[in-house]
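Read through the structure below, which is laid out as C-alpha cells, and then see the notes.
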C-alpha cells in the first residue's frame, strides 16, 4: 500500500474519531449543567481529534502534490 493510500485510510479513521468527539461535545452541551465538570476534557479531546485530522489532511495534500 502506498503512503498516500495509507494516509487516506488514517484520515478516514481520524475523521470518524473527530465526528465521534464532536457528538460527545454536543451531547454534553445538551445535558448541561449535568456533568459540567467534564467540559474541559471533552473539549480537549474534540480539539485534539480535529487537530490530528487537519494535520493528516495537510500531509496528504503535500504527498499528492509531490507525487503529481
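Derivation of every value follows stated rules applied to the coordinates shown; laboratory data play no part. Given the structure is predicted, the values throughout are model-derived calculations rather than measurements. Positions of Cβ are backbone-derived with ideal geometry, glycine not excepted, and every protein chain shown enters the neighbour counts.
Between the helical axis of 39-67 and the dominant principal axis of the chain, each derived from Cα atoms, what acute angle in degrees is found, rounded to the nearest 10? Once rounded, one gets 10 degrees.
Simple spin-label estimate for residue 65 and residue 12 gives 2.6 nm between the two label positions (7 Å along the Cα-to-Cβ direction from each Cα).
Percent of C-alpha pairs per 5 Å bin in the chain, short distances first: 3, 18, 21, 16, 13, 10, 8, 5, 3, 1, 0.
Entry note, segment 3-67: relative contact order of 51 percent, from Cα contacts under 8 Å with a spacing of 6+ residues. Between helix 3-31 and the chain there is an angle of about 10 degrees, using the helix long axis and the longest principal axis of the Cα atoms.
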